[in-house]
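S.K.: Here it is, the structure in full.
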Amino acid sequence: MRDDYRMWLVRQKYDAGTVTAQMHRAGRVEKHYGDLDEHYAKDRLASVVASLVYTTEDKRRSRPNPSKIPFEGDIRSNLASYKNAIERYRRFRDNGGDVLGDEPLETTGVSPVALAPPGWADAEDLGQRIGLERDMQAALRLAIDDLEAGLKVVDEGAERFVESGRIDITCRDAAGAYVVIELKAGPAGQRAVAQVLSYMGDVLVEEADSEVRGILIASEFDKKAVAAARMAPSLKLVEYGVKFSFRPVST
């Protein structure tokens, strides 16, 4: 495992406890599977990730732990944590530890057309959007109850990886339903609605016995986004705002 991974996690604005947990889990996998960077060179860690999959059906049939990692407790939740840790390390390697390159265009709200031809101003704008979304995520995690009473974060302080991407924040509500939360620093369109619905569909498969709904947060929504959301009653659109307060400083 590369020495600069811890600093990369810090730059993602994860809190200290989450950074420590991610390092610990990646280290545990490496202890039992061998050098993670060698596995990355071989198949981008695909074989390691595949061995950490434990489905709802596996749990229902009480199948044994399929991984090389010994542990006590619930097999599905433990393996999900290790799998997410390795997928996060793969993301780190895919982007060379670069913060700007960490966010795929489809999750930034910036179209490829707007970014072409590439230039410093475009890169700066993209970096600002990514940084703002991370700041929003960190702030919301600390005040999740302000978004909706009864919400509890259940992703251990880091994005949850699913088949179609990674979920900004995963919660459970007061009734026990999973809540997929997606954040956009700027306006959101039809594409953002499709994105969060894809995440919700993946969680519905992974959590087969649970209800799943979503919350998409943005500065505003265009007409196509609002129209699309009308057909998805389990998805709620929420606009955020920023309020400044000022006080004089004694000199």
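S.K.: Tell me, which longest segment in the chain has none of the chymotrypsin sites (Phe, Trp or Tyr not before Pro) that fall in DSSP loops with at most 10 further Cβ atoms within 10 Å?
M.R.: My reading of the result: 1-243 is the longest stretch.
S.K.: For the stretch 48-100, restrict the atom set to alpha-carbon positions and state the Rg and Dmax in Å.
M.R.: Expressed in Å, the Cα Rg and Dmax of the stretch 48-100 come to 13.3, 43.
S.K.: How many Å² of accessible area per residue for the chain, probe 1.4 Å?
M.R.: Details: 13610 Å² over 251 residues.
Counting only protein heavy atoms, the per-residue value for the chain is 54 Å².
S.K.: Based on the Cβ-Cβ distance of residue 71 and residue 145, what FRET efficiency does E = 1/(1 + (r/R0)^6) give at R0 = 30 Å, to the nearest 0.05? Working shown, then result.
M.R.: On the way: r = 32 Å, r/R0 = 1.05.
Once rounded, the FRET efficiency stands at 0.40.
S.K.: I've got another one for you. If you line up the Cα atoms of the stretch 145-219 on their principal axes, what length do they span on each, largest first, in Å?
M.R.: Computed over the stretch 145-219, the largest-to-smallest principal extents equal 31, 29, 20 Å.
S.K.: Further question on the same structure: Over 12 Å apart: what share of the alpha carbon pairs of the stretch 197-251 falls there, rounded to a whole percent?
M.R.: Working: 1088 of 1485 pairs.
Value for the stretch 197-251 (Cα pairs over 12 Å): 73 percent.
S.K.: Let me check the size of the stretch 1-106 from its C-alpha atoms; what are the radius of gyration and Dmax in Å?
M.R.: Radius of gyration, then largest Cα-Cα span, for the stretch 1-106: 14.3, 43 Å.
S.K.: Then there's this: Per-residue HN-Hα couplings for the stretch 62-73, Karplus 6.51 cos²θ - 1.76 cosθ + 1.60 at θ = phi - 60°, whole Hz, x for Gly and Pro?
M.R.: So the Karplus estimates, Gly and Pro as x, are 6, 6, x, 4, x, 8, 8, 8, x, 6, 10, x Hz.
S.K.: Compute the distance in nm between two label points, each set 7 Å from the Cα along the Cα-to-Cβ direction, one at residue 154 and one at residue 42.
M.R.: It is 3.4 nm.
S.K.: If I fit a long axis through the Cα atoms of helix 16-33 and take the longest principal axis of the Cα atoms of the chain, what angle between them do I get, 0 to 90°, rounded to 10?
M.R.: Compared with the principal axis, the helix lies near 30 degrees.
S.K.: Scaled to the compact-protein estimate 2.2 N^0.38 Å, what is the alpha-carbon radius of gyration of the chain, rounded to two decimal places? Don't skip to the end; give the middle numbers.
M.R.: Numbers: Rg = 19.3 Å, N = 251, 2.2 N^0.38 = 18.0 Å.
Scaled against compact globular proteins, the figure is 1.08.
S.K.: Another question, then. Between residue 198 and residue 245, take the C-beta separation as r, use R0 = 45 Å, and let me know the FRET efficiency to the nearest 0.05.
M.R.: Details: r = 38 Å, r/R0 = 0.85.
For residue 198 and residue 245, the calculated efficiency is 0.75.
S.K.: Once you list every other residue whose beta carbon is under 14 Å from the beta carbon of residue 16, what net charge do they have if Lys and Arg are +1 and Asp and Glu are -1? Display every interim value, and only then the final one.
M.R.: Working: positive: 6, 11, 13, 141; negative: 15, 156.
Residues close to residue 16 contribute a combined charge of +2.
S.K.: Run the accessible area of the chain with a 1.4 Å probe and give the carbon-and-sulfur part as a rounded percent. List each step's numbers first, then the result.
M.R.: Details: 7500 of 13610 Å².
Its accessible area is 55 percent carbon and sulfur atoms.
S.K.: Using the Karplus curve 6.51 cos²θ - 1.76 cosθ + 1.60 with θ = phi - 60°, work out ³J(HN,Hα) for each residue of the stretch 220-232 in order, rounded to whole Hz, and write x for Gly and Pro.
M.R.: For the stretch 220-232, the Karplus-derived couplings read 6, 10, 7, 5, 5, 5, 5, 5, 5, 5, 4, 8, 10 Hz, x marking Gly and Pro.
S.K.: So, one more: Among 66, 187, 233, whose mean-square fluctuation peaks in a Gaussian network model of the chain (Cα, cutoff 10 Å)?
M.R.: Greatest mean-square fluctuation among the candidates belongs to 233.
The values are calculated or read from the model by the stated rules, or taken from the named source; none is laboratory data. Treat the numbers as computed from the prediction; the structure is a model and nothing was measured. Here the Cβ is made from the backbone with ideal geometry for all residues, glycine too, and neighbour counts use every protein chain on show. The area values use the complete protein model at the heavy-atom level, side chains included, leaving out ligands, DNA and RNA. Shrake-Rupley method; radii C 1.70, N 1.55, O 1.52, S 1.80 Å.
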